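Single-structure report; data block below.
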Amino acid sequence: MTLTLNLSPELEQYLLQEASQKGLSVEALALQLLTASILLKQRQTEAVKLLQSWLDDEDVEEQRETGQYLVDALDHDRLSDRRLFPSELKGITW
């Protein structure tokens, strides 16, 4: 597909400089940037869907057990003796 874009002078200058620094044509750089942007958006959408599926999971007890396991594992595997999730701050900061 052929696409024609009307760029602002600032954006055109940016693309020209970046393409020159990377040894690419302006077209190749624009395609690279567009592809990276689309792939990032797709990964973000997939991550949101995964998180939403976890939130929609109705097994509350399993979620509670998993959360407690993660808190314990993060507190256990630390270089210092200071707890990452102190019990006295539960419900306040975490």
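None of the figures in this text is laboratory data; all of them are computed from the coordinates on show. A quick note: this is a predicted structure, and the numbers were derived from the prediction, not measured. We place every Cβ from the backbone using ideal geometry, glycine too, and count neighbours over all the protein chains shown.
Checking Leu74, Leu16, Leu34 one by one, the residue that is over 20 Å from Leu3 (Cβ atoms) and either of a type outside the set (S, T, N, Q) or part of a helix (DSSP H, G or I) (or both) is Leu74 and no other. If you go through segment 1-16 and keep only what is surrounded by 12 or more Cβ atoms within 10 Å (Cβ to Cβ) and either touching a residue at least 60 places away in the same chain (Cβ under 8 Å) or not hydrophobic (A, V, I, L, M, F, W, C) (or both), you end up with Glu12, Tyr14. The residues on offer are Leu24, Leu51, Leu39, and the sole one that is out of contact with any Cys (no Cβ under 8 Å at 6 or more places or on another chain), surrounded by 11 or more Cβ atoms within 10 Å (Cβ to Cβ) and among the hydrophobic types (A, V, I, L, M, F, W, C) is Leu24.
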